Amino acid sequence: MRDPKIVIIGAGVAGITAGVIFKQAGFENFVIVEKGADVGGVCLTPDIPGIGRFTGAVVHTARWDDAIETAGKRIAVIGSGSTGVQVVSALQPHAATLTQFARTPQWVLWAPMGLPQPRLLAKVLAAAPAAHQRLYSALLWSSGILADIALKPTWRRRAAQQLARWSLTTQVRDRQLRAALTPDYEPFCKRQVLSGTYHRAIGAGNAALVTEAISEITETGIRTADGTHHDLDVIVFATGFHPHNYMRPMNLRGRDGLSIDEAWAKGPRAYRMTAIPGFPNLFTVLGPNSPTGSISLQYSAELTARYITQWLQRFRDDEFDTVEVTEEATVRFNDSVADAMGPTVWNTGCNSWYFTEENTIDLWPFDRKTMTTLLTEPDDRDYLISHQDGTLS
């Protein structure tokens, strides 16, 4: 029996989940490598001229600094995705002024995000640990509605889209602001933003929405393409990350010196989110085609980590020395993804970060049941499994 030496690269949700699952299965000989100073993943600090000249406070939402004073300050929030919307809602009430710089508007679906957890529920969860699993299962089941909205043009999608339009028209009375906040694509085409307070916050007297492009950052603020200078004390970047880089820019090498850039010359691809042809004994958690827009990423990470654990157990039991997914299996899986992507809401005409540079949609176009089936147990027919003596099985 062998003791596998495991390297987990990245201390975001995927890496932390993998470590927990591996340890639960008895594998403790692993190290988690993270380039950041703390857990939580990486952010994207954007390439805007003059970014280093600003003399006020600058912060990215993924690396928030609690020491930054925001009350009574002139604040800029750059970004209009989920994080940008949340930050605007949180900072606006106490800011002197808040200016949101947004290249494109987002559909913001109203939802009561601030509801406290009922005290009775807290007592039940504390008294009955088994209730945690039941609640988690119920939440997973209910999340299937989101997958149904995203994957198929059903009445649920139409109803949810109408709710998004209603959220905007009923909460933003100012016609000029409403026009600036109205996207030219279907709701849910991009990653859906939820908020119960954003529309009220951006419409407040101390708030402003700027859709002009940013030309530069100066010592005292931001200048937009129309020549307007916005005086500021604090700049908050809510600009996300590079969603399709995955392991890059690491110099990752596979069989016969194959680099990850060479393997992904036509875009990132993997077999069932977990394996890449040409890279034996390498697995990915939340790799290409992960369900960012339809299924819980925590569930997906746990499921994938358990799938990988089965390979670790077989390696420990000396069943093989190297395992590598075949090119044929990878092509077959990616063809099925492309076919299933057709009726999804992500394919209805918007320009979102779901699209790769090769114009493919890097998401999971199947429901949770299908994902669970595909990642419950490895199919040896889709892998090259070899031993030290060179024999294959």
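The values are calculated or read from the model by the stated rules, or taken from the named source; none is laboratory data. These numbers come from a predicted model, not from an experiment. All Cβ positions, glycine included, derive from the backbone under ideal geometry; neighbour counts span all protein chains shown.
Structure notes:
- Candidate set from the stretch 327-355 (those that are hydroxyl-bearing (Ser, Thr, Tyr) and assigned to a helix (DSSP H, G or I)); member that is nearest to Phe366 (Cα to Cα): Ser336
- Within the stretch 283-297, tally of residues that are closer than 23 Å to Asp380 by Cβ and either surrounded by fewer than 18 Cβ atoms within 10 Å (Cβ to Cβ) or under 17 Å from the mean Cα position of the chain (by Cα) (or both): 5
- Near pairs, Cβ below 6 angstrom, 6+ apart or cross-chain, from the stretch 334-358 (under 16 Å from Cys189 (Cβ atoms)) to any residue that is among the basic types (Lys, Arg): Pro343/Lys152; Cys350/Lys190; Ser352/Lys190
- Filter result for Arg63 (farther than 30 Å from Pro280 by Cα and in contact with a strand residue (DSSP E or B) (Cβ under 8 Å, 6 or more places away or on another chain)): no
- Asp233 being acidic (Asp, Glu) and either more than 27 Å from Phe54 (Cα to Cα) or without any contact (Cβ under 8 Å) to a residue 24 or more places away in the chain (or both): no
- Out of Pro112, Pro105, Pro46, sole residue that is touching a Phe, Trp or Tyr at 6+ places or on another chain (Cβ under 8 Å) and either of a type outside the set (S, T, N, Q) or under 30 Å from Trp311 (Cβ atoms) (or both): Pro46
- Members of the stretch 315-363 that are among the aromatic types (Phe, Trp, Tyr) and closer than 24 Å to Asp380 by Cα: Phe315, Phe320, Phe333
- All conditions in (1) over 30 Å from Pro249 (Cα atoms); (2) in contact (Cβ under 8 Å) with a residue 24 or more places away in the chain; (3) more than 24 Å from the chain's Cα centre (by Cα) hold for Arg53, with the sole exception of (1).
- For Thr373, the conditions (1) closer than 25 Å to Thr17 by Cβ; (2) in contact with a Lys or Arg (Cβ under 6 Å, 6 or more places away or on another chain) all hold with the exception of (2).
- Check on Gln92, under 19 Å from Arg223 (Cβ atoms) and not basic (Lys, Arg): no
Yes/no per residue for (1) in contact with a His (Cβ under 8 Å, 6 or more places away or on another chain); (2) surrounded by fewer than 17 Cβ atoms within 10 Å (Cβ to Cβ); (3) at pLDDT 95 or above; (4) at positive phi:
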residue	(1), (2), (3), (4)
Gln310	no, yes, yes, no
Gln313	no, yes, yes, no
Arg332	no, yes, yes, no
Asp339	no, yes, yes, no
Asn351	no, yes, no, no
Phe355	no, no, no, no
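- Search result, residues across the stretch 87-98 that are over 25 Å from the mean Cα position of the chain (by Cα) and either among the aliphatic types (A, V, I, L, M) or closer than 14 Å to His229 by Cα (or both): Ala95, Ala96, Leu98
- Flag set for Glu324, criterion: at pLDDT 95 or above, under 22 Å from Arg255 (Cα atoms) and outside any helix (DSSP H, G or I).
To keep it simple, each residue is scored yes or no on (1) outside the structural domain of Pro93 (by TED's automatic domain parsing); (2) within 30 Å of Lys5 (Cα to Cα); (3) crowded, with 21+ Cβ neighbours inside 10 Å; (4) of a type in the set (Phe, Trp, Tyr).
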{"residue": "His229", "(1), (2), (3), (4)": "no, no, no, no"}
{"residue": "Met250", "(1), (2), (3), (4)": "yes, yes, no, no"}
{"residue": "Arg253", "(1), (2), (3), (4)": "yes, yes, no, no"}
{"residue": "Ala263", "(1), (2), (3), (4)": "yes, yes, no, no"}
{"residue": "Arg269", "(1), (2), (3), (4)": "yes, yes, yes, no"}
{"residue": "Gly278", "(1), (2), (3), (4)": "yes, yes, no, no"}
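- Wholly within the stretch 135-221, strands (runs of 3 or more DSSP E) carrying at least 2 residues that are in contact (Cβ under 8 Å) with a residue 40 or more places away in the chain, surrounded by fewer than 20 Cβ atoms within 10 Å (Cβ to Cβ) and more than 23 Å from the chain's Cα centre (by Cα): 207-210, 214-217
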